[in-house]
Amino acid sequence: MSSVAFAFLITVAVGGVLYVFIYPMISGEKRVEQRMKEISADEIQAKRGRKAADAVTSRRQQVEDSLKQLEAKQKNAKNPPIEIRIQQAGLSISKRQFYIFSALAGVVSFVLMMFTSGMGLMLAVPAAIAGGFGIPRWVIGFLKKKRESKFINELPNAIDVIVRGVKAGLPIGDCIRIIANETSEPVKGEFRQIAEGQAVGMSLSDSAAKLYERVPLPEANFFGIVLAIQQQAGGNLSEALGNLSRVLRERKKMSAKIKAMSMEAKASAAIIASLPFAVMALVYLTSPGYIELLWTTPTGRVLMAGSAVWMLMGVMVMRKMINFDF
């Protein structure tokens, strides 16, 4: 009996060892467990990939929404009312004062042409219209371009101040206040308005977006777009503004190169446009009776009018050829 029991125990022990080590390999349980682990890992990775893709899609959607809003504001700013134009020119007068000055300019032009030209209403009425509607708006446009030129020259330096401040750990609001106190006009005044907008509860992106309404330049629009995207989608603000500063400086260099390359054509256009008047003046000084036929006879007036039209067309064509938008 003892030998039978001993053989039985040995058989059971060997069978248990075989069951533990051999059976899982034969039955495929290990392969099933390995497959389950792989499937679980693939599902986790897929979920992570979907989450990352959803985050990228959401961020892209936020950026697209920001760009659409800024583009809509940009379209609305193309034809601003007169009070906005006065503000863009850096003037502190009101809309009522502007209309008063325009009326006075029209009256003065009418009186001067009425009593000095000798042609009466034929020249006084067009002069009054030009003095009342053209000259004041031309002055505002001239002051606006001059102010925009100063703003473009100073804006990259202001952005560099923000970049250095953010890298040093300062909040962007403090950087904007530093610009509002330390830089020169008109950047100083515009960033002061951004700081004041934040002080009354406006978000930084909204305050920066209003900058384009006061200074309708692509550079100001770029600045508002960068801040709006960073506020909504996140990201490295110092890097984004550093890239913007570099882009603005490259645009400035490109503008200077274009002006230098087109200066020869502009000089040629100026010489060609002034040459007929110079020749007329010289002929009038030497032979007045010969040149007076152009404005004393009907045929001469027609020839002068046609020549003026052709000259204007030539100047406008040359101007179109040498003006570049970039």
Relative frequency of Cα-Cα separations exceeding 21 Å in the stretch 259-326, percent: 40 percent
If you stretched the chain out fully between residue 272 and residue 232, how much longer would it get, using 0.36 nm times the residue separation minus the C-alpha to C-alpha distance? 9.0 nm
Just add up the charged neighbours of residue 267: K/R +1, D/E -1, any other residue whose Cβ is under 15 Å from the Cβ of residue 267. +2
Taking 8 Å as the Cα distance limit and 6 or more residues as the minimum spacing, I'd like the relative contact order of the stretch 259-326 as a percentage. 39 percent
Peptide ranges 311-320, 241-250, 150-159 listed from the most packed, as the mean C-beta count within 10 angstrom indicates: 150-159, 241-250, 311-320
Per the 1/(1 + (r/R0)^6) rule, R0 = 45 Å and r from the Cβ atoms of residue 129 and residue 168, FRET efficiency to 0.05 is 0.20
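First check a/c for the stretch 140-265, with a ≥ b ≥ c the square roots of the eigenvalues of its C-alpha gyration tensor; if it is under 1.5, answer rounded, and if not, answer prolate when a/b is larger than b/c or oblate otherwise.
prolate
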Quick check: net charge around residue 99, other residues with Cβ under 12 Å of its Cβ, Lys/Arg +1 and Asp/Glu -1? +2
For the stretch 104-208, what is the Kirkwood hydrodynamic radius in Å, using each pair of distinct C-alpha atoms? 16.9 Å
How would the stretch 188-261 be classified by its alpha-carbon gyration tensor: rounded, prolate or oblate, with rounded meaning a/c under 1.5 and the a/b versus b/c comparison settling the rest? oblate
Past the 19 Å Cα-Cα mark, which pairs from 144/266; 150/266; 167/210; 150/252; 167/252; 144/210? 144/266; 150/266; 167/210; 167/252
Taking 0.36 nm per residue of separation and subtracting the Cα-Cα distance, what length does fully extending residue 303 through residue 143 add? 53.9 nm
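Any read-out appearing in this document is the output of simple, stated calculations on the displayed coordinates, not a laboratory observation. Note that this is a predicted model, so its numbers are computed, not measured. Cβ atoms come from the backbone with ideal geometry, glycine included; neighbour counts cover every protein chain shown.
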